[in-house]
Amino acid sequence: GNDCRAALSKLFRLAEGFWQDCTVAKKLVSHVARAKLSLYESKFLKGARIIWEVGVDFSPREGMYVQTIRVWAVERTHDGAAC
């Protein structure tokens, strides 16, 4: 439906490198001491969000290490109802 198309559209935008814009992504603050993860939140539609992080992975196709977007969750609402 519309929510899945909107989520994919947001993911494609993030994959193009637009995640550094603060209007596209917000860094989440961890309540766990010394958290090692840098998670971000990107909203799509009303109340829906994608939780993700920037990673570095080896791309056999490119033959080098590249930045990647690792998706942790896609939620339709802030109450945690996942897509």
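Below, the figures for the structure above:
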read-out: Residue in segment 28-36 that is out of contact with any Cys (no Cβ under 9 Å at 6 or more places or on another chain) and modelled with pLDDT of 75 or more present; value: yes
read-out: Subset of segment 37-47 that is part of a strand (DSSP E or B) and hydrophobic (A, V, I, L, M, F, W, C) - its residue that is most open to solvent (accessible area, probe 1.4 Å); value: 39
read-out: Any chance residue 53 is open to solvent by less than 40 Å² (accessible area, probe 1.4 Å), among the charged types (D, E, K, R), under 11 Å from residue 7 (Cα atoms) and at pLDDT 85 or above; value: no
read-out: Pairs where the first residue, in segment 48-65, is touching a residue at least 40 places away in the same chain (Cβ under 8 Å) and the second is surrounded by 10 or more Cβ atoms within 10 Å (Cβ to Cβ) and polar (S, T, N, Q), C-beta under 6 Å, 6+ apart; value: 50/42
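Yes or no, residue by residue, for (1) hydroxyl-bearing (Ser, Thr, Tyr); (2) modelled with pLDDT of 80 or more; (3) surrounded by fewer than 11 Cβ atoms within 10 Å (Cβ to Cβ):
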site	(1), (2), (3)
4	no, yes, no
15	no, yes, no
19	no, no, no
49	no, yes, no
64	no, yes, yes
73	no, yes, no
83	no, no, no
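The values are calculated or read from the model by the stated rules, or taken from the named source; none is laboratory data. Bear in mind that the values here come from a model prediction, so they are computed numbers and not experimental data. Positions of Cβ are backbone-derived with ideal geometry, glycine not excepted, and every protein chain shown enters the neighbour counts. Remember, those area values only see protein heavy atoms, side chains included, never the ligands or the DNA or RNA. Shrake-Rupley method; radii C 1.70, N 1.55, O 1.52, S 1.80 Å.
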